[in-house]
Amino acid sequence: MVIKRLRDGIALRINSLFGSIFRKKKVVSIGIYGPVNAGKTTLANRICIDWLGEELGKVSNIPHETREIQMKENVTIKNNGKSLTFKLIDTPGIATKIDFEDFVKHGMKKKAAKERAKEATKGVIESIKWLEKMDLVMVVLDSTKDPLDQVNITILGNLDARDTPFVIVANKCDVKRSKASRVRDAFPKYKIVGVSAKTGFNIEELYHSLLEAL
Amino acid sequence: MRKIKIKFMPYEVFRKRKLSQIFNELKDSTILLIDAKLSAQEEAKIIEETMKKVSGKFSGIELSSLEMHDGDMATHFDKIKNILLETITGKKRGMTIMGPAKIVRKIEKDPEDLLLYM
């Protein structure tokens, strides 16, 4: 009996010792979500340039430029003596409609436009599926547009329902008709940071919010 | 002239229907009015299904829901009744409108009203 207890005790100690040495630390995943053309990839690029010195993805005025999940590992942000290392995940914009004719209006050929629309639909489905993998989300909204768009409400509702922490990023604050206050009025109970991913305006405040949110 | 149908659908019926049946209605130039606010998960599911159905002929949908908040209710009794009903039936007080994007150009939230532009 005593020997058995001793043996179990030693086994437990060894397990705990090796466990702590070999146990892989969970990588924090931070996702960038939002409607189409809100500036998600511009923000991802801003973060990656600030902390890794390289961009993450291509940016375009044509909607649905990002049609696949893109990510960068080991991004470390630092603010006020705190730091956080994470995997940054840029997701395709979520939409309820994708009309290939919109791409034609941007000068694309019909065949290419149809292909882009098909890829974009897959991208939206992927974005929704990846929601459950996120530890923290930056919900990027275009502050020049109506914040009460159904896509925004659906994204926020899903994050709320999953208890996933998030920060609302009211982007495009550099644009004259931008109204970050409208975003604050629309979602008064959530943390909102007004930034310009393009110019870097108030980006330090966003880094501070990310460190606070986790 | 294109015929547009507006169909009222009780939430209980919506829940029983398969999404494929709902989309057959939407593709058939029908605007659906549901007497409840859909849950965020239901909305996400509808967006996913919409994306699977997008084609050259069907570009997707416009969707918007309005939730009745506790503050909008007149008395404390109404609020308690609402909480109990929501817990038992899973039905959120409010309304949802969805229609094919080819017909419904935009739905604007006021935020207390829904404005449908066709």
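The values are calculated or read from the model by the stated rules, or taken from the named source; none is laboratory data. Since we're looking at a predicted model, the values are computed, not measured. For neighbour counting, all protein chains shown are included, and Cβ atoms are generated from backbone atoms with ideal geometry for every residue, glycine included.
If I go through the stretch A:153-175 residue by residue, how many of them are buried (at least 21 other Cβ atoms within 10 Å of the Cβ) and among the hydroxyl-bearing types (Ser, Thr, Tyr)?
1
Identify the single condition in (1) without any contact (Cβ under 8 Å) to a residue 12 or more places away in the chain; (2) charged (D, E, K, R); (3) under 17 Å from A:VAL167 (Cα atoms) that A:LYS118 does not satisfy, given that it satisfies every other one.
With (1) without any contact (Cβ under 8 Å) to a residue 12 or more places away in the chain; (2) charged (D, E, K, R); (3) under 17 Å from A:VAL167 (Cα atoms) applied to A:LYS118, the lone miss is (3).
What are the residues in the stretch B:98-118 that are in a strand (DSSP E or B), surrounded by 19 or more Cβ atoms within 10 Å (Cβ to Cβ) and facing chain A (nearest Cβ under 10 Å), if any?
Answer for the stretch B:98-118, where residues must be in a strand (DSSP E or B), surrounded by 19 or more Cβ atoms within 10 Å (Cβ to Cβ) and facing chain A (nearest Cβ under 10 Å): B:MET98, B:PRO100, B:ILE107.
What do you reckon, is B:ILE46 assigned to a helix (DSSP H, G or I) and more than 9 Å from chain A (Cβ to nearest Cβ)?
no
Among the residues of the stretch B:1-27, which ones are loosely packed, with under 13 Cβ neighbours inside 10 Å, in contact with a Ser or Thr (Cβ under 8 Å, 6 or more places away or on another chain) and among the hydrophobic types (A, V, I, L, M, F, W, C)?
B:ILE6
Please work out which one of (1) modelled with pLDDT of 90 or more; (2) closer than 25 Å to A:THR121 by Cβ; (3) more than 14 Å from chain B (Cβ to nearest Cβ) is the condition A:ARG67 fails and give its number.
(3)
Under 8 Å between Cβ atoms, at least 6 apart or on separate chains: pull out the pairs that start in the stretch A:133-151 with a residue that is over 18 Å from A:ARG162 (Cβ atoms) and end on any residue that is part of a loop (DSSP other than H, G, I, E, B) and hydroxyl-bearing (Ser, Thr, Tyr).
What qualifies is A:SER143/A:SER178; A:THR144/A:SER178; A:GLN150/A:THR96.
Just wondering, is there one or more residues in the stretch B:44-55 that are polar (S, T, N, Q) and free of Cβ contacts under 8 Å to residues at least 12 places away in the same chain?
Yes; the residues of the stretch B:44-55 include at least one that is polar (S, T, N, Q) and free of Cβ contacts under 8 Å to residues at least 12 places away in the same chain.
Scan A:ASP174, A:ASP185 and give me the residue that is at pLDDT 95 or above, over 16 Å from A:GLY93 (Cα atoms), more than 14 Å from the chain's Cα centre (by Cα) and among the charged types (D, E, K, R).
One residue alone meets the criteria, A:ASP174.
For the stretch A:98-118, which positions are surrounded by fewer than 20 Cβ atoms within 10 Å (Cβ to Cβ) and closer than 22 Å to B:LEU63 by Cβ?
A:ASP99, A:GLU101, A:ASP102, A:LYS118
Looking at B:ILE6, B:ILE88, B:ILE80, can you tell me which residue is more than 10 Å from every other protein chain (Cβ to nearest Cβ), touching a residue at least 12 places away in the same chain (Cβ under 8 Å) and either over 21 Å from A:VAL151 (Cα atoms) or in a loop (DSSP other than H, G, I, E, B) (or both)?
B:ILE6
Would you please name the residue that is nearest to the chain's Cα centre (by Cα), looking only at residues in the stretch B:54-68 that are farther than 12 Å from B:LEU114 by Cβ and either surrounded by 17 or more Cβ atoms within 10 Å (Cβ to Cβ) or at the interface with chain A (Cβ under 7 Å from one of its Cβ atoms) (or both)?
Going through the qualifying residues, I end up with B:ILE61.
For the structure I just gave you, tell me whether A:LYS191 is within 18 Å of A:TYR33 (Cα to Cα), basic (Lys, Arg) and either in contact with a Gly (Cβ under 6 Å, 6 or more places away or on another chain) or more than 12 Å from chain B (Cβ to nearest Cβ) (or both).
Yes; evaluated as a whole, the condition is true for this residue.
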